[in-house]
Amino acid sequence: MNDPVLHELLHPSHWKAAVGYANGVLASGRTIFVGGQIGWNGAQVFESDDFVAQVHQALANIVEVLNEAGAGPEHVVRLTWYVTDKQEYLARLKEVGAAYREVMGKHFPAMTMVQVADLIEDRAKVEIEATAVLPEA
């Protein structure tokens, strides 16, 4: 994944700095849409009911799907997070951040987070979908 990443972060100069996300991203290339990934492994088995562990696994799943297209975390331009408990996310923000950086590095695309009443899989506490742009060859 030595391709140059051709993304431009969009941030109005008079806005307060975004921390841990981008307000917008301008990108050009081949678009990859990754469906919502939850905290189970490739065999569809939950290894943990812990929220942070599920965040880590969901992000790792996204990276594995991206790898199928020759892409990596650096190509992600947007993430949409669905969490079942906003308070748990906020209470464990430092741990979530550490898990995020371990999988995604210091790459912070445009992000949206929404609290939902439930997810399809009963044990799932988070679902994350991604959009990535791979530069043209």
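The values are calculated or read from the model by the stated rules, or taken from the named source; none is laboratory data. All values derive from a computational prediction rather than experimental measurement. Cβ coordinates were reconstructed from backbone atoms using ideal geometry, including for glycine residues, and neighbour counts include every protein chain displayed.
For every residue, the table says whether it meets (1) more than 19 Å from Ile120 (Cβ to Cβ); (2) touching a residue at least 60 places away in the same chain (Cβ under 8 Å).
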{"position": "Ala18", "(1), (2)": "yes, yes"}
{"position": "Ala22", "(1), (2)": "yes, yes"}
{"position": "Gly29", "(1), (2)": "yes, yes"}
{"position": "Val34", "(1), (2)": "no, yes"}
{"position": "Ser48", "(1), (2)": "no, no"}
{"position": "Asn67", "(1), (2)": "yes, no"}
{"position": "Val76", "(1), (2)": "yes, no"}
{"position": "Gln87", "(1), (2)": "yes, no"}
Inset, instruction - Say whether the condition of being at pLDDT below 95, surrounded by fewer than 13 Cβ atoms within 10 Å (Cβ to Cβ) and on the phi < 0 side of the Ramachandran plot is met by at least one residue in segment 81-101. - result: no
Inset, instruction - Return the total of residues in segment 102-136 being hydrophobic (A, V, I, L, M, F, W, C), surrounded by fewer than 20 Cβ atoms within 10 Å (Cβ to Cβ), over 21 Å from Glu47 (Cβ atoms) and touching a residue at least 60 places away in the same chain (Cβ under 8 Å). - result: 3
Inset, instruction - Quickly run through segment 61-80 and pick out the residues that are of a type outside the set (D, E, K, R) and either modelled with pLDDT under 95 or in contact with a strand residue (DSSP E or B) (Cβ under 8 Å, 6 or more places away or on another chain) (or both). - result: Asn61, Ile62, Val65, Leu66, Ala69, Gly70, Ala71, His75, Val76, Val77, Leu79, Thr80
